[in-house]
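Notes follow once the structure below has been shown.
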Amino acid sequence: MSLTDTPKIRIRSLRKAFGEKQVLDGVDLDVAAGTSMVVIGGSGTGKSVLLKCILGLIEPDEGRIEIDGQDILSLGGHARDEARGEIGMLFQNGALFDSLTVRDNVAFSLIAKRHVPRAAALRKAEAVLGQVGLAPSVGHLAPSELSGGMQKRVALARAIASEPALMFFDEPTTGLDPIMGAVIDGLIVDCVKRLGSTAIAITHDMASSTRIGDRAAMLHRGRIIWEGPATDLMNSGNPVVDQFTHGRREGPIQMELRR
């Protein structure tokens, strides 16, 4: 395999259990450079755990996570942090710092990780806020003074401020009305294309999946059971995927009772 054929992200035989609960049970997934992958699946199927393993927030029990062909799990602490330093993250709830202004939130990673001088970082923050459709005056507000949609835009600005090679999106349209959800999806697509980044998004929103994703995969019972073009999600031919994407009560997916 040539270097150009190497996926930006390659995951092999990834496993993670919490006590007796096997959440990830041999996940295999490739994400090509410059593309967007959407991962769908029911609540509790391990989508967020998968992202957290790649981010280093959770240590997997087994498996490989390769970025540009390098297994980051085999790297030492500093080298692993450097490899993951190229990741921008949009968290489900925005995860903005309440004690910082909007502008300082966006500039945070530039100052803390890239060691950009504060004045230059704040100028960059204002420019990036403009890229997500927010006026410079918004930068002086506190996150609590913003609507949910504006907070998502600020969180997206923070995620792209350092121009990361990799971008992760955790339920980016949760809590938004359909129109604002479409706006956020459009901004995500524009930002990813402009930066040439590789992206992974996890979502329950089927409309969002087809807007964001070039390709899609479904996580079920700890494994990827289907992967293909995002445009095929609603007509995959896989009974598990079809039940989930069409929201049918009857089908192979059955609700598990907690005991």
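To keep it simple, each residue is scored yes or no on (1) in contact with a Phe, Trp or Tyr (Cβ under 9 Å, 6 or more places away or on another chain); (2) part of a helix (DSSP H, G or I).
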{"position": "186", "(1), (2)": "no, yes"}
{"position": "201", "(1), (2)": "yes, no"}
{"position": "211", "(1), (2)": "no, yes"}
{"position": "216", "(1), (2)": "yes, no"}
{"position": "228", "(1), (2)": "no, no"}
{"position": "251", "(1), (2)": "yes, no"}
Here are 230, 165, 161: which of them is within 18 Å of residue 52 (Cα to Cα) and out of contact with any His (no Cβ under 8 Å at 6 or more places or on another chain)?
-> 165
Within the range 117-173, considering residues that are buried (at least 17 other Cβ atoms within 10 Å of the Cβ) and of a type in the set (Ser, Thr, Tyr), the one farthest from residue 213 (Cα to Cα) | 162
Give the range 32-44 a look and list any residue that's buried (at least 22 other Cβ atoms within 10 Å of the Cβ) and on the phi < 0 side of the Ramachandran plot, or say none.
-> 36, 37, 38, 39, 40
Just to be sure, is residue 144 farther than 30 Å from residue 21 by Cα, hydroxyl-bearing (Ser, Thr, Tyr) and in a helix (DSSP H, G or I)?
-> yes
Might you let me know whether the range 29-38 holds any residue that is over 16 Å from the mean Cα position of the chain (by Cα) and modelled with pLDDT of 95 or more?
-> no
Hits in the range 68-108 - residues which are under 15 Å from the mean Cα position of the chain (by Cα) and at negative phi = 84, 85, 86, 87, 88, 89, 90, 91, 92, 93
Result of the Cβ filter at 6 Å on the range 196-224, keeping first residues that are surrounded by 19 or more Cβ atoms within 10 Å (Cβ to Cβ) and partners that are acidic (Asp, Glu) and in a loop (DSSP other than H, G, I, E, B), at least 6 apart or interchain, is 203/171
Within the range 7-24, which residues are of a type outside the set (A, V, I, L, M, F, W, C), surrounded by fewer than 17 Cβ atoms within 10 Å (Cβ to Cβ) and modelled with pLDDT under 95?
-> 19, 20, 21, 22
In the range 155-172, which residues are touching a strand residue (DSSP E or B) at 6+ places or on another chain (Cβ under 9 Å), small (Gly, Ala, Ser) and not in a loop (DSSP other than H, G, I, E, B)?
-> 155, 159
Would you say residue 175 is at positive phi and not in a helix (DSSP H, G or I)?
-> yes
Of the candidates 62, 66, 86, the one satisfying the condition of being within 28 Å of residue 152 (Cβ to Cβ) and either in contact with a strand residue (DSSP E or B) (Cβ under 7 Å, 6 or more places away or on another chain) or aromatic (Phe, Trp, Tyr) (or both) is 86
Listing of helices (runs of 4 or more DSSP H) fully contained in the range 42-126 that carry 1 or more residues being assigned by TED's automatic domain parsing to the domain that holds residue 204 and either touching a residue at least 24 places away in the same chain (Cβ under 8 Å) or of a type in the set (D, E, K, R) (or both) | 47-55, 77-84
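The values are calculated or read from the model by the stated rules, or taken from the named source; none is laboratory data. What you see is a predicted model; the values in this text were computed from it and never measured. Positions of Cβ are backbone-derived with ideal geometry, glycine not excepted, and every protein chain shown enters the neighbour counts.
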